[in-house]
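Read the structure below first, then the notes.
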Amino acid sequence: MQTAQRKFYLFLSLFLSMVWGWGAYNFLFGAANPLRVCLFRTVTGIPCPSCGTTRSVNALLHMHPGEAFFINPLGYVAVLAALVLPVWLMHDIFRRSNSCYRFYLSVEKRFNTKPVFAVLFFGLITVNWAWNIYKHL
Amino acid sequence: MDAQKVDMYLMANGKNFEAHQMLLLREMLIKADDSKFLALQTANTKDPLTLLLISIIGGHLGIDRFVLGETGLGIAKLLTCGGLGIWAIVDWFLIMGRTREINMQRVQMALM
């Protein structure tokens, strides 16, 4: 169990480094050298459910919340996660707590045991995906 | 459990486990009670090769992680364009090992 927890925190640190690195690159050089990283879109030509999240975050950083919502509402989730998770990670590291890991397990358990959460989540993601395709993101 | 029954099970499902775990798995199965055999057969182990195919086709949307039962990682992968595409590619190399690891955990749970 201890190993699983350690792996989770290591993975979360790497994941957040990637998210912040990607955010910093796009904020500093994104306008001049835009990078397209979506394999799904490159292969199929159809945007994936999370396509446009970076553009949405950029719009939010430039104080255009309406535009951000129109590009992809997941931008709000990304900003929230990018702000809250590092603070939570630091809290857990310095307090030697495992609240983030316990929260992750409880969310996962809820998804696996109560189908209503999964149906709601995947329903929203599907609607967002259909909207992304309709918008030709 | 009967040694012949265990060997039959390992012959049919051996590819679902890591090679270095086979000896330990065999010992565990032989020590286990006969009544556990039904639980063992319904342990829902996955074929690593199938998971590799799922990872190549739908890994970008996190489908491979959802199939393995790692819902949290699946959601993270789905919401980040397959971890900016990097995680999706890395998983092509990791998913078979991870599947075998999870299969072993499921068998251990079934035998408990």
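Only the coordinates and a few stated rules stand behind these numbers; no lab work does. Only a predicted model underlies this, so the values are computations on that prediction, with no experimental measurement involved. FYI the Cβ positions are ideal-geometry reconstructions off the backbone, even for glycines, and counts take in every protein chain you see.
Using the structure shown, select from A:LYS114/A:LYS135; A:LYS7/B:LYS31; A:LYS7/A:LYS109; A:LYS109/B:LYS46 the pairs with a Cα to Cα distance greater than 26 angstrom. Correct reply: A:LYS114/A:LYS135; A:LYS7/B:LYS31.
Filter the DSSP H helices in chain B by two things, a Kyte-Doolittle mean of at least -1.0 and an axial alpha-carbon span of 27 angstrom or more, and list the hits by number.
On the way: long enough: B:86-111 (37 Å, 0.47).
Qualifying helices: B:86-111.
Listing B:LYS46, A:LYS114 from fewest to most neighbouring C-beta atoms within 10 Å gives A:LYS114, B:LYS46. The mean count of C-beta atoms from other chains within 10 Å of the C-beta of residues in A:41-48, rounded to a whole number, is 2. Taken over chain B, the percentage of Cα pairs per 5 Å bin, counting from 0 up to the bin with the maximum distance, is 2, 13, 22, 20, 14, 11, 9, 6, 3, 1. Please report Rg over Rh for region B:1-59, where both radii come from the alpha carbon positions and Rh follows the Kirkwood definition. Result for region B:1-59 is an Rg/Rh of 1.06.
Given axes a ≥ b ≥ c from the Cα gyration tensor, I'd like to know whether chain A is rounded (a/c under 1.5), prolate (a/b larger than b/c) or oblate. Oblate. By the count of neighbouring beta-carbon atoms within 10 Å, fewest first, A:SER13, A:SER106 end up ordered A:SER106, A:SER13.
Computed about the Cα centre, the dipole magnitude for chain A is approximately 380 debye when only Lys and Arg (+1) and Asp and Glu (-1) carry charge, each at its Cβ.
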